[in-house]
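Sharing a structure with you now.
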Amino acid sequence: MGPFEIAAIAIIGGLAYSAYEVHMKTKTKAGKADIEALQAEIAKLKDRVGTLESIVTDKSYQLKEQINKL
């Protein structure tokens, strides 16, 4: 193996390593944005569930359901 082959392998290895680093950095950045979006959606869904629980546990709602069953 000559010096040119060793240099070529070193250069290719360096480029592959730098490409891997860039890939990992962009992957974590996208992951953080996705996590924030999902957390916001979860907060909205919790609010909606709270509203639905208050509607269902309301006595007038239960009375309407009993009347409709008759």
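The values are calculated or read from the model by the stated rules, or taken from the named source; none is laboratory data. Just so it is clear, the model here is predicted, and its values are computed rather than measured. Heads up: the accessible areas ignore ligands, DNA and RNA and are worked out on the full protein's heavy atoms, side chains in. Shrake-Rupley method; radii C 1.70, N 1.55, O 1.52, S 1.80 Å.
Which aspartates and glutamates, if any, have their Cα less than 13 Å from the Cα of residue 44, not counting same-chain residues under 8 positions apart?
36
Next up: Any number yet on Rg/Rh for the chain, C-alpha, Kirkwood?
A ratio of 1.66.
Straight-line reach only, C-alpha to C-alpha below 17 angstrom: list the lysines that residue 69 could link to, leaving out same-chain residues fewer than 8 apart.
Within the straight-line cut-off, residue 69 pairs with 59.
Let me ask something additional. Please list 58, 34 in order of solvent-accessible area, largest first, computed with a 1.4 Å probe with all protein chains present.
Largest accessible area first, the list is 34, 58.
What residue among 29, 44, 59 shows peak mean-square fluctuation when the chain is described by a Gaussian network model with Cα springs under 10 Å?
Judging by the Gaussian network model, the answer is 59.
Largest first, how would 70, 38 line up by accessible area (1.4 Å probe)?
Sorted descending by solvent-accessible area, the residues read 70, 38.
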